[in-house]
Amino acid sequence: MNVVELEILGEKHIPELQELLMRCSDYLAFQDGEPVKKDAAKDLLISRPDNVTIQDKIVYGIYQGQDHLLIGVVDIIMRFAGPDILSLVLLVIEPTFRGKGLGEVVHKLLEEWAHSNKFSRIRLGVLFDNEKGHRFWKRVGYEETGEIKPYLAHKFRVLEKAI
Ligand SMILES: CC(C)(COP(=O)(O)OP(=O)(O)OC[C@H]1O[C@@H](n2cnc3c(N)ncnc32)[C@H](O)[C@@H]1OP(=O)(O)O)[C@@H](O)C(=O)NCCC(=O)NCCS
């Protein structure tokens, strides 16, 4: 059933978030070039660019179904790339829940959230070699900005969508 809810995560969610990140290690190890660290959840809740306040960062848990299972996570940063731009830093769904349309449902919720909070664009980066991720973002309406940036050992393409 494609019913998901987004819930803001905080310190009390660290144990379940850490378990989720371990289940998403296929993607996270690819992204970071190393195994998921034991304090990855704690880091995810606070990590942000130097000039961004913690008030401009939100980590949402993606919960599914009546069992209220944590099946994914979204990390967003407000007003970093511009006053009306929402930066989507991370969206990851655990492997067994991918390819069922949940990513599209989550994206729709984010878009609605961004729109009602007066953002006019969503901006994100897709790593080279993440073909599935790239296809997903194109399918839900993102376009290349032409910018290519470095991330650790990788490069990523910057994509944006007007909302
Ligand atoms: C990218 C990601 C968030 C997308 O979430 P998702 O739940 O897999 O997305 P969807 O199920 O909506 O779409 C994925 C594919 O499944 C297909 N799909 C959707 N519902 C389907 C269904 N019921 N049956 C079969 N296929 C289906 C979609 O058509 C889509 O195919 P396409 O992208 O090749 O066109 C997820 O795959 C993920 O976490 N990947 C690893 C992390 C990552 O790459 N994040 C993005 C970083 S930029």
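Values quoted throughout were computed directly from the atomic coordinates according to the rules given, and no laboratory measurement underlies them. These numbers come from a predicted model, not from an experiment. For neighbour counting, all protein chains shown are included, and Cβ atoms are generated from backbone atoms with ideal geometry for every residue, glycine included.
Please find, within the range 69-81, the residue that is farthest from ILE54 (Cα to Cα) out of those that are within 11 Å of the ligand (Cβ to nearest atom) and among the β-branched types (Val, Ile, Thr). So that I can check it myself, show each step before the final result.
Just the residues of the range 69-81 that are within 11 Å of the ligand (Cβ to nearest atom), to begin with: 71-75.
Checking which are among the β-branched types (Val, Ile, Thr) leaves us with 71, 73-74.
On the way: ILE71: 24, VAL73: 17, VAL74: 15 Å.
Filtering the range 69-81 for residues that are within 11 Å of the ligand (Cβ to nearest atom) and among the β-branched types (Val, Ile, Thr), the one farthest from ILE54 (Cα to Cα) comes out as ILE71.
Could you tell me which residue of the range 82-114 is farthest from the ligand (Cβ to nearest atom), considering only residues that are more than 16 Å from the chain's Cα centre (by Cα) and either among the basic types (Lys, Arg) or within 18 Å of LEU159 (Cβ to Cβ) (or both)?
Ranking the qualifying residues of the range 82-114, first place goes to ASP84.
Got a sec? Which strands (runs of 3 or more DSSP E) wholly within the range 115-163 have at least 2 residues that are over 20 Å from ASP84 (Cβ atoms) and among the aliphatic types (A, V, I, L, M)? Show your work before the answer.
On the way: elements: 121-127, 143-151, 154-162.
Because the criterion is at least 2 residues that are over 20 Å from ASP84 (Cβ atoms) and among the aliphatic types (A, V, I, L, M), the strands (runs of 3 or more DSSP E) in the range 115-163 that meet it are 121-127.
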